[in-house]
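Undergrad: One structure, pasted below without further comment.
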Amino acid sequence: MRIAQSVFAAMLIVVAGSRVVGANEKASLTTMDASDFGPGGRIEIKNSFGDLRVVGWDQPRVEVMVVREVNSAEGSVAKTDAEARLRKTVVAVQLASPGHMIIATDSPQKAKSGLDLTYEIRVPRKTDLVVNHDTGDVRIEDIEGDVSATCKTGEITVDLPANISFSIDAAAENGDVESIASGAPGLSEHKLYARVGVGDIVVRPPNAGSSRDDADEFRPLVIDII
């Protein structure tokens, strides 16, 4: 796919280091990417793996923080090799077109061995979100748009916003679906589609009241379960 060269403000920060976990030393690489992106668009997260968290917020931009970790043997050469492996896993943030952002992970198969990835992504709350995740857990919080999330192996947890109604179509091929919600049909504003190959799906409504300080007056949550 050809990526349009749209003009948008972006910032990328890279931090490398190491830490000791038990008897093992881990090499780490953290990247932080911030890009202007207003509400009302569509964001796709492709080929992610590890632990992924996507949170809606009121800022007109997208922030992507990715922490990569891998076990590192002792010695400066071994650490350098481990850090080189980490740099082979690239998470690119691109505008495919105005109002359409793609966050794509590219990692050679050899580089994935023993690699732990943790994503923390913040997006405008009023955004349509599409997540195609490989292996690991996915958590989506406070998104006031259509949500489509698939995961081959792992758990999908969706925390719904307080003032938006959803119809829910969720299924796990080998696992359970738990929707702690009830509602009346035909009144939903947005759709939630979730699929897991091996693992569970949990859909949770908010507590009574708003999930954020600057929310509009609370309206009862209405959910259709398909």
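The values are calculated or read from the model by the stated rules, or taken from the named source; none is laboratory data. Owing to the predicted nature of the structure, the values given are computational and were not obtained by experimental measurement. Don't worry about glycine lacking a Cβ; one is built from the backbone with ideal geometry, like all the others, and counts go over all protein chains shown.
Undergrad: So which residues in the stretch 129-153 are farther than 12 Å from A194 by Cα and among the small types (G, A, S), if there are any at all?
TA: If the condition is that a residue be farther than 12 Å from A194 by Cα and among the small types (G, A, S), then G136, G145 are the ones that fit.
Undergrad: Let me ask something else. Does I43 qualify as being in contact with a His (Cβ under 9 Å, 6 or more places away or on another chain) and either acidic (D, E) or outside any strand (DSSP E or B) (or both)?
TA: Spelling it out, it is not the case that I43 is in contact with a His (Cβ under 9 Å, 6 or more places away or on another chain) and either acidic (D, E) or outside any strand (DSSP E or B) (or both).
Undergrad: Take the residues in the stretch 193-208 that are at pLDDT 95 or above and small (G, A, S); name whichever of them is nearest to the chain's Cα centre (by Cα).
TA: Filtering first and then ranking leaves A194.
Undergrad: Need the failing condition index for I156 against (1) without any contact (Cβ under 8 Å) to a residue 60 or more places away in the chain; (2) at positive phi, just the number.
TA: All conditions are met except number (2).
Undergrad: Looking at the stretch 46-60, which of the residues that are of a type outside the set (D, E) and either at pLDDT below 95 or not in a strand (DSSP E or B) (or both) is surrounded by the most Cβ atoms within 10 Å (Cβ to Cβ)?
TA: Ranking the qualifying residues of the stretch 46-60, first place goes to G50.
Undergrad: Also, I was wondering about something else. Give the residue, chosen from A34, A92, A82, that is over 30 Å from S188 (Cα atoms), of a type in the set (G, A, S) and either under 11 Å from the mean Cα position of the chain (by Cα) or surrounded by fewer than 16 Cβ atoms within 10 Å (Cβ to Cβ) (or both).
TA: After ruling out the rest, the residue left standing is A92.
Undergrad: Another question about this same structure. Check off (1) at pLDDT 95 or above; (2) crowded, with 18+ Cβ neighbours inside 10 Å for S165 and give me the number that stays unchecked.
TA: (1)
Undergrad: With V138, V177, V130 as the choices, which residue is in contact (Cβ under 8 Å) with a residue 12 or more places away in the chain, within 19 Å of F37 (Cβ to Cβ), surrounded by 15 or more Cβ atoms within 10 Å (Cβ to Cβ) and not hydroxyl-bearing (S, T, Y)?
TA: Result: V130 is the single residue among V138, V177, V130 that is in contact (Cβ under 8 Å) with a residue 12 or more places away in the chain, within 19 Å of F37 (Cβ to Cβ), surrounded by 15 or more Cβ atoms within 10 Å (Cβ to Cβ) and not hydroxyl-bearing (S, T, Y).
Undergrad: Kindly indicate whether A92 is in a strand (DSSP E or B), more than 17 Å from V202 (Cβ to Cβ), free of Cβ contacts under 8 Å to residues at least 24 places away in the same chain and not hydroxyl-bearing (S, T, Y).
TA: Taking the combined requirement at face value, the residue satisfies it.
Undergrad: From the set of residues in the stretch 98-125 that are charged (D, E, K, R), modelled with pLDDT under 95 and not in a strand (DSSP E or B), which is nearest to the chain's Cα centre (by Cα)?
TA: K112
Undergrad: Another question about this same structure. So, E74, is that one part of a loop (DSSP other than H, G, I, E, B) and modelled with pLDDT under 85 or not?
TA: Criteria met by E74.
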